[in-house]
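To start, the structure itself, in structure tokens.
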Number of protein chains: 2
Amino acid sequence: MYLKPMYSKELLKGTLTTIILRLLATHGKMYGYEITQKVKILSGEKILIKEGSLYPALHKLKDEGLVKTETEMVGNRMRKYYSLTEQGGVSTKEKVDELFQFIDTLKVILNVNPKLT
Amino acid sequence: MYLKPMYSKELLKGTLTTIILRLLATHGKMYGYEITQKVKILSGEKILIKEGSLYPALHKLKDEGLVKTETEMVGNRMRKYYSLTEQGGVSTKEKVDELFQFIDTLKVILNVNPKLT
DNA sequence: CTTGTATACATAGTTTTTCTATGTATATTT
DNA sequence: AAATATACATAGAAAAACTATGTATACAAG
């Protein structure tokens, strides 16, 4: 199956955790596979989160107390739902805010009019 | 000396090379220290590029043929000026474009209205 | 006059993040 | 029956930026 090339992987660095947290904030509880698919669809298949990136990131968020889990059986298949803790809700706001501030700063630097500097 | 805290270092990942290239595109030739100071000022001291990040990045860009150098003595002090090669000019446009597309995608994902998904 | 700060380059080794590759297993479609 | 999709997980590699350190000159403060 053909997939449009993803953005330079490097760009995702530092933003994956923020993406996960924000999706959990807007969707309530989600399971891992669901997160990969949601990101794939919302990004027009341009951001493809790999399982080798997602699960370690989720485990880390749990260790840090930002998300909690509940396991559910669907048929014979396990599903592990992730949702924000109270602390995770606070952290999400901070991280999203920081990311947008960073983007604003980036725009200043990248759109420099040399006559003004 | 007190400095406002920098953005989460992770956010810079993947954007440093684009920042360097874009600054060279708008300013012609620049030397390393000048780049760190320009970024510091343009970002309101929120992005502080470390020498341990900058010089390896510049050397890599040179290895890849995206920038070229000329050394100049200012008093007794060496100054190594970096400027874009032709290929570097093309690459700069691509990278800046990719970064802004990534930012647009990121906004879609982070601003999701759950009612619409 | 000497101490600290600024300018200016460079690199070794560490940390962090994401990736590739692999493994297990069930469900559904062809 | 085979291929694809669903669903979790982890080990080890790769990439990027960091910390820490080193060299050296210039200038300001005390």
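The values are calculated or read from the model by the stated rules, or taken from the named source; none is laboratory data. Please read all numbers here as calculations on a predicted model, not as lab measurements. For neighbour counting, all protein chains shown are included, and Cβ atoms are generated from backbone atoms with ideal geometry for every residue, glycine included. Just so you know, the surface numbers come from the protein's heavy atoms only, side chains and all, with ligands and any DNA or RNA stripped out. Shrake-Rupley method; radii C 1.70, N 1.55, O 1.52, S 1.80 Å.
Worth a mention:
- Solvent-accessible surface of region B:11-101, averaged per residue with a 1.4 angstrom probe and all protein chains in place: 53 square angstrom.
- Of all the options B:GLY52, B:GLY14, B:GLY75, the one that moves most in a Gaussian network model of chain B with Cα springs shorter than 10 angstrom is B:GLY75.
- Rolling a 1.4 Å probe across all protein chains gives B:ASP63 an accessible area of roughly 140 Å².
- MRE, 222 nm, helices only [DSSP H, n ≥ 4, -39500 (n - 2.57), over the protein assembly as shown, to nearest 500]: -17500 deg cm²/dmol
- For A:LYS93, A:LYS68, B:LYS40, the ranking by accessible surface with the largest value first comes to A:LYS93, A:LYS68, B:LYS40, using a 1.4 Å probe.
- Peptide A:97-104 shows a mean partner chain C-beta count of 5 within 10 Å per residue C-beta.
- Accessible surface for B:THR85 stands near 30 Å², nearest 10, in the context of the full protein assembly shown (1.4 Å probe).
- Apolar share of the accessible surface for the protein assembly as shown: 52 percent from carbon plus sulfur atoms, 1.4 Å probe.
- Under-5 Å amide H pairs with B:VAL67, H placed in peptide plane, nonlocal only: B:LYS62, B:THR85
- Measuring from each Cβ of chain A to the axis that turns chain A onto chain B, the shortest distance belongs to A:LYS13, 2 (residue, then whole Å).
- Between A and B, accessible area buried - total, square angstrom, nearest 100, 1.4 angstrom probe: 3600 Å²
- Contour excess over end-to-end distance, with Cα ends at A:ASP104 and A:LYS40 and 0.36 nm allotted per residue: 20.5 nm
- Global geometry of chain A, whether rounded, prolate or oblate, following the gyration tensor of its Cα atoms and the 1.5 cut on a/c: oblate
- Backbone HN-Hα couplings from phi across region A:48-58 [Karplus 6.51/-1.76/1.60, Hz, Gly and Pro as x]: 10, 7, 7, 4, x, 9, 5, 4, x, 5, 5
- Dipole axis of chain B (+1 Lys, Arg; -1 Asp, Glu on Cβ), positive-most option in B:LEU61, B:ILE35, B:LEU23: B:ILE35
- Complex-versus-alone comparison for region B:41-75, residues with a loss of 50 Å² or more in accessible area, probe 1.4 Å: B:LEU42
- Between copies, the label points of B:GLU64, set 7 Å from Cα on the Cα→Cβ line, lie 2.8 nm apart, reported in increasing order to one decimal in nanometres.
- Scanning chain B for GluC sites (Glu not before Pro) lying in DSSP loops with no more than 16 further Cβ atoms inside 10 Å, the longest uninterrupted stretch between such sites is B:65-117.
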